[in-house]
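Student: Just dropping this structure here.
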Amino acid sequence: MQRKGSAVWKGGLKDGKGTVSTESGVLKDSQYSFSTRFENGIGTNPEELLAAAHAGCFSMALSGQLGAANMTAESINTTANVSLEKVEGGFAVTKVHLDVVARIPGADQAAFDTAANNAKAGCPVSKLFKTEITMTAKLEK
C-alpha cells in the first residue's frame, strides 16, 4: 500500500513559500513557509503534519492493543509534541512526546500501561522516527 503527499516550493528559503497536498484531498495546497516552520506564521509545517500523523497512528495502534487485551476505549485523545532543534549539521527532529488520555471504564491499569507501551513501540509512525519517543498515558475509568 502506498500513500502520496506532494509539495511545491517557490523562491528562496526565507522569502519563498510552498504548498502541501495529500492524495486524498484532505490537504489541498495548504500553505507553508519559513515563518510557519521556524517563527509564528500562519499555515502548516512538516513537523506539525508529522505530529498529527503520529497522534493518529498511535491512537489507532492503542485501540488495536486494547482490543487484544479485551478492552474497548470510549475515547483515546492523543497529542504528539514533535521537537525540531538546531543540531550540528542543521536541524533535526530530536524527540517526540505523546500525551495520551484514554477513557476506558473499569480498565485495569497494568493492562492499559502494557497496551500503551506496545502501541508506542509498534505504531508504524513511531518506527519511522529515529529519535527518543516519550509518553504520558493517563487512564480514565
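Student: Has segment 114-130 got at least one residue that is modelled with pLDDT of 95 or more, in contact with a Leu (Cβ under 9 Å, 6 or more places away or on another chain), in a strand (DSSP E or B) and of a type in the set (D, E, K, R)?
Tutor: No, every residue in segment 114-130 fails to be modelled with pLDDT of 95 or more, in contact with a Leu (Cβ under 9 Å, 6 or more places away or on another chain), in a strand (DSSP E or B) and of a type in the set (D, E, K, R).
Student: Of everything in segment 132-141 that's surrounded by fewer than 16 Cβ atoms within 10 Å (Cβ to Cβ) and over 13 Å from the mean Cα position of the chain (by Cα), which residue is farthest from Gly106 (Cα to Cα)?
Tutor: Initial filter on segment 132-141 (surrounded by fewer than 16 Cβ atoms within 10 Å (Cβ to Cβ)): 132, 134, 136, 138, 140-141.
Then drop every residue that is not over 13 Å from the mean Cα position of the chain (by Cα), which leaves 132, 136, 138, 140-141.
Details: Glu132: 31, Thr136: 20, Lys138: 14, Glu140: 9, Lys141: 6 Å.
Result: Glu132.
Student: Test Leu62 against the criterion of being under 20 Å from Ser33 (Cβ atoms) and either among the aliphatic types (A, V, I, L, M) or surrounded by fewer than 15 Cβ atoms within 10 Å (Cβ to Cβ) (or both), and give yes or no. Don't jump to the end; show me each part of the working.
Tutor: Working: under 20 Å from Ser33 (Cβ atoms): no; either among the aliphatic types (A, V, I, L, M) or surrounded by fewer than 15 Cβ atoms within 10 Å (Cβ to Cβ) (or both): yes.
The answer is no for Leu62.
Student: Follow-up question, since we're still on this one. So, in segment 84-100, of the ones that are touching an Asp or Glu at 6+ places or on another chain (Cβ under 8 Å) and surrounded by fewer than 15 Cβ atoms within 10 Å (Cβ to Cβ), which residue ends up modelled with the highest pLDDT? Outline the logic, then answer.
Tutor: If we filter segment 84-100 for residues that are touching an Asp or Glu at 6+ places or on another chain (Cβ under 8 Å), which is where we start, we get 84, 91-96.
Narrowing the set further to residues that are surrounded by fewer than 15 Cβ atoms within 10 Å (Cβ to Cβ) leaves 91-92, 94.
Details: Phe91: 89, Ala92: 89, Thr94: 92.
Here the residue is Thr94.
Student: Another one. Which numbered condition in (1) under 30 Å from Asn117 (Cβ atoms); (2) loosely packed, with under 11 Cβ neighbours inside 10 Å is the only one that Gly56 fails?
Tutor: Unmet condition: (2).
Student: So which residues in segment 101-113 are buried (at least 16 other Cβ atoms within 10 Å of the Cβ) and either part of a strand (DSSP E or B) or modelled with pLDDT under 95 (or both), if there are any at all? Reasoning before the result, please.
Tutor: Restricting attention to segment 101-113, the residues satisfying the condition of being buried (at least 16 other Cβ atoms within 10 Å of the Cβ) are 102, 104, 107, 111-112.
Scanning segment 101-113 gives Ala102, Ala107.
The values are calculated or read from the model by the stated rules, or taken from the named source; none is laboratory data. Just so you know, these numbers come straight off a predicted model, no measurement behind them. Neighbour counts run over all protein chains shown; Cβ positions are idealised from the backbone, glycine included.
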